[in-house]
Amino acid sequence: MDINKILTADILDIIFEGRNKEYGAYELRKTYNKRITYALILTVSICLLLLLGSILANTIGKNNNKLLVNDASLENYKEPPPPEPPPPPPPKQEPPKVEITKFTPPKIVKDEEVKEPPPEQEKLEETKIGTINQEGTKDEGIVAPPVEKGTGVVEAPKVEEDYDKVFTVVQIPAEFPGGLPAWTKYLQRNLNSDIPVQNGAPAGKYTVVVSFIVDKTGKISDVQAENDMGYGTKDEAVRVIKRGPDWKPAVQNGRNVTYRARQQVTFVVSED
């Protein structure tokens, strides 16, 4: 391109100088701004049409949804008759009175001292005998209500048991956890069986009876020996039970209760 035309030439002419302008790329770039303008105008026009259509539709819908209220009148309306009152309850019927003839126990007196002669025997057969005179119908087999008969057994008043006291006799006594086998194993592991030998006890068996409290939760308290066989057996038996685990509480009428238990601890000293 001539140098004098470069200053006045379009940028596209400079780019496509010496190239095939009819290929299509030149035409697309040449008309780009025009096509963008047409597209914006078309888009704005469509948006305006949609907006106007929405406004018109809302206006028409409001006009069609108007509420029409017409006055209404009730003609030939008759009120329903009031409900009939319930029938009165039937009158209470008193049981028929039975003719009663007063009967006075016989008493031997003089004729002039008789104030009220006894009724005739025939009249007593047709009436009931009572302590007053009453007019009524003849006794025609009217049966009086049966009299309830008791069993003849008088029950003693039930005394509520005090479940907070210390029981010595219960339905289920307190028990070492695991029963007798576990109790034996516990003694073998924790009891110093050489205590009587160390204190010079002769051969034999030394049984110490220990009593203690097992409360409602199984805790042990108030451990004391009821006898003393000597040679340190008493103190050792008390020590072993005091240091033992919680017991299973005693049960009375399905409730855990405080129980005083008694256990025997036996020391055996052999002749060897």
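The values are calculated or read from the model by the stated rules, or taken from the named source; none is laboratory data. Here the structure is a predicted model, which means the values were calculated and not measured. Note: ideal-geometry Cβ built from the backbone for every residue, glycine included; neighbour counts use all protein chains shown.
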>> Can you tell me how many residues within the stretch 239-257 are more than 11 Å from residue 214 (Cα to Cα) and among the small types (Gly, Ala, Ser)?
In response: 2
> Across the stretch 172-209, what is the number of residues that are touching an Asp or Glu at 6+ places or on another chain (Cβ under 7 Å), among the hydrophobic types (A, V, I, L, M, F, W, C) and under 16 Å from residue 237 (Cβ atoms)?
Replying inline: 3
> Name the residues in the stretch 214-238 that are crowded, with 16+ Cβ neighbours inside 10 Å and under 23 Å from residue 201 (Cβ atoms), would you?
Replying inline: 223, 225, 229, 231, 232, 233, 234, 236, 237, 238
> So which residues in the stretch 177-208 are under 30 Å from residue 255 (Cα atoms), surrounded by 14 or more Cβ atoms within 10 Å (Cβ to Cβ) and touching a strand residue (DSSP E or B) at 6+ places or on another chain (Cβ under 9 Å)?
Replying inline: 183, 187
> In the stretch 238-255, which residues are in contact with a strand residue (DSSP E or B) (Cβ under 7 Å, 6 or more places away or on another chain) and among the polar types (S, T, N, Q)?
Replying inline: 252
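Can residue 186 be described as aromatic (Phe, Trp, Tyr) and either at pLDDT below 90 or under 45 Å from the mean Cα position of the chain (by Cα) (or both)?
The answer is yes for residue 186.
Looking at the stretch 214-223, is at least one residue assigned to a strand (DSSP E or B) and under 34 Å from the mean Cα position of the chain (by Cα)? Working first, answer last.
Restricting attention to the stretch 214-223, the residues satisfying the condition of being assigned to a strand (DSSP E or B) are 214, 220-223.
With the extra rule that they be under 34 Å from the mean Cα position of the chain (by Cα), the set shrinks to 214.
Yes, the stretch 214-223 contains a residue that is assigned to a strand (DSSP E or B) and under 34 Å from the mean Cα position of the chain (by Cα).
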> Condition test on residue 258, is it within 35 Å of the chain's Cα centre (by Cα) and of a type outside the set (Phe, Trp, Tyr)?
Replying inline: yes
